[in-house]
Structures are given as structure tokens and as C-alpha cells.
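The values are calculated or read from the model by the stated rules, or taken from the named source; none is laboratory data. What you are looking at is a predicted structure, and each value in this text was computed from that prediction instead of being measured. Because the Cβ atoms are built from the backbone with ideal geometry, glycine has one as well, and the counts that use them run over all protein chains shown. Surface accessibility is based on the protein's heavy atoms, side chains included, excluding ligands, DNA and RNA. Shrake-Rupley method; radii C 1.70, N 1.55, O 1.52, S 1.80 Å.
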Amino acid sequence: MKYYIKTFGCQMNFNDSERIRGILQTLGYEQAEDWQEADIILINTCTIREKPDQKVYSHLGEYRKIKEKNPKAIIGVCGCLAQRMGEELLKKAPDVDLMFSSFNMHQLPELINQVQAGYKAIAILENPPEDEDKLWEYPLVRDNQYCAYVTVMKGCDKNCTYCVVPSTRGRQRSRSLESILKEVKALVDDGVKEIHLLGQNVTAWGQDLGIPFEELLYQVASVEGVERIRFTTGHPKDLTESIAKAMGEIPQVCEHLHLPFQAGSNRILKLMDRGYTKEEYLEKIDMLRHYVKGITFSTDVIVGFPTETEEDFEETLDVLRKVKFEQVFSFKFSPRPGTPASTMHGQVPDEVKTERMSRLIELQKSILSQIAKSYEGTVQEVLFEDYKDGILIGRTRTNRWVSVVGPEELLGKTALVKVTASKPYSMEGVLV
Ligand code: SAH
Ligand code: SF4
Ligand code: F3S
């Protein structure tokens, strides 16, 4: 029996899929090369904007053909769109046999049994069940041998007015320190060098356990064999001075942080209910630069939030100019059903969003080419994650990709590299 999983969305969804693969392999399934050979196809969905929704539906339209060849094949949907739509989704995709929540991935074995017994298994829960921690008992099946994601927190307690995540992922639940450390140890034993802690709002980890986030960093760093630590996504409001200090103090914490600011205008930030001003955000950036020497940043930006004026948008560009992010993920505001922002007055026309977005991209391009140039001639510590035909590929601590000519033995190891050429999205270098 073979499985095929298609994953959309954020790193947390990817990590969930790694866990689902572990569940399926525990049941004896093997990974199929492509969906046409699968006995079970699962789509792990995202609904953060309208575009990912559409992608899910078009894939479902394609995958339903599997039943012509293999009538017993199971089609399943999980993840955030499944959570948001519930049974409604069956109206658009009647061939779906199985659906589960973001909350009950661990119940997948029973749900498959139900389908095999001839029923539809639709288990979208409103709230996380008491035994949701059972999920951690399943192994993970990962493609990257050296860098691993570790989900440390589920859900989100912020209420950004544009966002569906609190409703698709539920309240914030921190995973216990013990459970996290157990997984980290197992990963290191398996050859993993870089641990990437995940949560929609990872800097809020521990608030419900009475433990500050930086304690998690210290604990993970104390596991023997952990060479690098990253974490995503930090929230500016929860990023305290103690976290910044810990980042600077712990040698394994990499000099890079994804810290979304979303908008530069204080009026828009307030309408978004982000809980900080532009000035406060910039102060956090300065504080991080003070404690973590050489730190680089990436960010998320929403363009065309309701009522956004030309002046508001200029404030966003101003933040890009001031911070000089290494990467900016920019999104046109997409009204999501049930969120306060979707019904706000002053929705911005699509042409305006498109025009602002292209200006933002142009500006970022020129900033990035300056940043890229500044790497030339520098020496960077690189962890090699991939090797092909005599070329090693890895990332710097500041999260930039580098390729060098070198021996396969360096795969999974760190080495110093002198950067010889640097383009916006890639660099070349030589081993030092
Ligand atoms: N927890 C993270 C964000 C997760 S969603 C944080 O708070 O930073 C990833 C990104 O999608 C967000 O940072 C935001 O830029 C974008 N996004 C979320 N909802 C959106 C919407 N309705 N329209 C457009 N972009 C959106
Ligand atoms: Fe969504 Fe805001 Fe939570 Fe991020 S912090 S997941 S944007 S509600
Ligand atoms: Fe998408 Fe859900 Fe992640 S909506 S961005 S998959 S938390």
C-alpha cells in the first residue's frame, strides 16, 4: 500500500506532513513516487489567503481521477482549509473520503479503518481533544537529514484582524519542554545538526507553562550535538530583551530572524491589532542588532490592507529601507471569511494592490543586490545540506545559500567558506 501527500502552506504544515508520513509508515504504507500510484492521497491544506484555497480545489479535481484506475483509493483532506470548511468542502469535492482536523492527526489510523469499512470518515473537531499529545508518539519521516523542524507550539492567541490561523489552529498550546527535548535528542542521534523550532508565534512559547521562551533556547542548546538553532515565527510583541540576550549568548543560535512587521503605518497596525507601532518594531530590530552581532532579518508584509493610503504604504517602504531585510515575503491583502478585516470599509482595489506590490518588489530588489554585494570576500560558516556532482550546497548562519566545489564527506558538516560571488538569492564560494 502506498501513500502520496501534497502539502500547501507554512513550515508547520510541512512538519505536520512529516508526522503524518510517520503515522502512515507505522501503518505499513510506503511513499508513492507520484499520486497516480497511491492507495491513499492526502492533501494537507492552507487557507491563509484565497490563492492557496484555489490551489487545493484544483488539485482535488485532478486527484479524483485516481478512482477510475483504483476505485478503492482513498482521498483525504486535512490542514487549515479542511478545518475552516468542514463538511462544506464535500459540496465542492464529493470524492473526498476522509477529512481530519488540525487537532486530531493522531486519529488517522482509526479514520482510515472507517473508510475501509465503507464509511466516509469526516472528523473535523471544534476543539483539540484531550489526547492530542499522542501525536508526538509517532515518528517523523523527513527529507532533510541535517536540518529538522520541531513543532513546539500549536495554535495562536493573537487576534490579528486579517488572519484565519487562530480559528484553524485553535488556542495557543505549548508543547512540554520534556517532549520537545526528547524529540531533539532523537533527532541529533539520527544525525541532525540544525534544529528549527516552529510555532505560529513561537516567541510566546511557554506563556501557558510559566516558562520564558529563552529557557527553551538554553535547554535545546544544552542537548549534546545540536550545532545550530533557528526559530520561526517570532512576534515583535513577544520578543523581549531576555530573548535577544539569550540569542546573543547561545553560540548555536543563528544570526537570523524572521520577524514579520506586516505594515509600517501605525494607523494600519492598529487596525490589524498587531500590538506594536512602527517605532517599537524598529526599536526591537536595534535591540536585536545590539545583542546579536551580525544578525540578518526576513519579514512578511501585507499590501493593501483596508483603508491603506499612499502615505500608509510609504511607511511600509520606509521600514524596508531602514531595516534592509534579506528577504521580504509580501502578500496582497486577501479578505478571509469570518475575519474582522474582511468586512472593514475601505477595501483597496486590486489594481492598487498590484501597483503597490510591484513598487515594493522593485525597492526590495535594489536593497537585496546591495546586501548580496556586501557578502563578497567575507568568510562564512556554512552547514552543507546537499551534494550533487562535486558541488556542496549549504546555508550560512545568516540563512543564505552558498555552493562550493568540495568533497561529499563534508555533507552534514560545517565548514568555513570564502564568498567569491554573490547574487540576490545564491552565492558561490571556496572552502577555506
Ligand atoms: N504567525 C505569523 C504569520 C503567519 S501567516 C505572524 O504573525 O507573523 C503568514 C503570513 O501571511 C503573515 O505574516 C501575513 O503577512 C500573511 N497573511 C496572513 N493573513 C493574510 C491575509 N488575510 N491576506 C494577506 N496576507 C495574509
Ligand atoms: Fe495570524 Fe497574527 Fe497569529 Fe500570526 S500572530 S498567526 S498573523 S493571528
Ligand atoms: Fe496556511 Fe494554516 Fe499555515 S492557513 S499558513 S497552513 S497555519
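Taking 4.7 Å between C-beta atoms as the pairing limit, the chain has these partnerless cysteines: CYS10, CYS46, CYS78, CYS80, CYS147, CYS156, CYS254. With 20 Å bins beginning at zero, the pair-distance distribution over Cα atoms of the chain amounts to 24, 56, 20, 0 %.
Can you tell me the accessible area per residue over the chain, all protein chains present, probe 1.4 angstrom, in square angstrom? Present the calculation step by step, with values, prior to reporting the outcome.
Working: 19310 Å² over 432 residues.
I get 45 Å² per residue for the chain.
The distance linking segment 32-69 with segment 323-368 is 28 Å (Cα centroid to Cα centroid, whole angstrom). The dipole here belongs to the chain: it is taken about the Cα centre, uses +1 on the Cβ of Lys and Arg and -1 on the Cβ of Asp and Glu, and is about 620 debye. Extension gain for ASP350 to ILE211 (0.36 nm times residue separation, less C-alpha to C-alpha distance): 45.6 nm. Relative contact order, whole percent, for segment 146-194 stands at 47, derived from Cα pairs under 8 Å and 6 or more residues apart.
May I ask you to compute the full-extension gain from LYS55 to ASP386, defined as 0.36 nm times their residue separation minus their alpha-carbon distance, rounded to one decimal in nm? Kindly include the intermediate steps, with their values, before the conclusion.
Working: separation 331, 0.36 × 331 = 119.16 nm, distance 2.93 nm.
Residue separation times 0.36 nm, minus the Cα-Cα distance, leaves 116.2 nm.
Taking 7 Å steps out from each Cα toward its Cβ at VAL405 and GLN31 produces label points 3.2 nm apart. The GluC sites (Glu not before Pro) of segment 207-273 meeting both criteria, a DSSP state outside H, G, I, E and B (loop) and at most 15 other C-beta atoms within 10 angstrom of the site's C-beta, are GLU224.
Might you report the magnitude of the Cβ-based charge dipole of segment 87-227 about its Cα centre, with Lys and Arg at +1 and Asp and Glu at -1, to the nearest 20 debye? Please report the intermediate quantities before stating the final value.
Numbers: 14 positive and 23 negative charges, 84 e Å.
Approximately 400 debye in magnitude.
Restricting segment 184-239 to trypsin sites (Lys or Arg not before Pro) that sit in a DSSP loop and have at most 12 other Cβ atoms within 10 Å of their own Cβ leaves nothing.
Positive-end ranking of LEU259, MET272, GLY206 along the dipole of the chain, with charges on Cβ about the Cα centre, is headed by MET272.
With 26 Å as the limit, the listed pairs LYS365/LYS418; LYS237/LYS365; LYS182/LYS293; LYS158/LYS185 have LYS237/LYS365; LYS182/LYS293; LYS158/LYS185 beyond it between alpha carbons. Averaging Cα coordinates gives a centre for segment 391-420 and one for segment 264-302; these two points are 31 Å apart. Within the same chain, lysines fewer than 8 places from LYS120 are excluded, and of the rest, those with a Cα less than 25 Å from its Cα are LYS2, LYS6, LYS55, LYS65, LYS67, LYS69, LYS72, LYS91, LYS92, LYS134.
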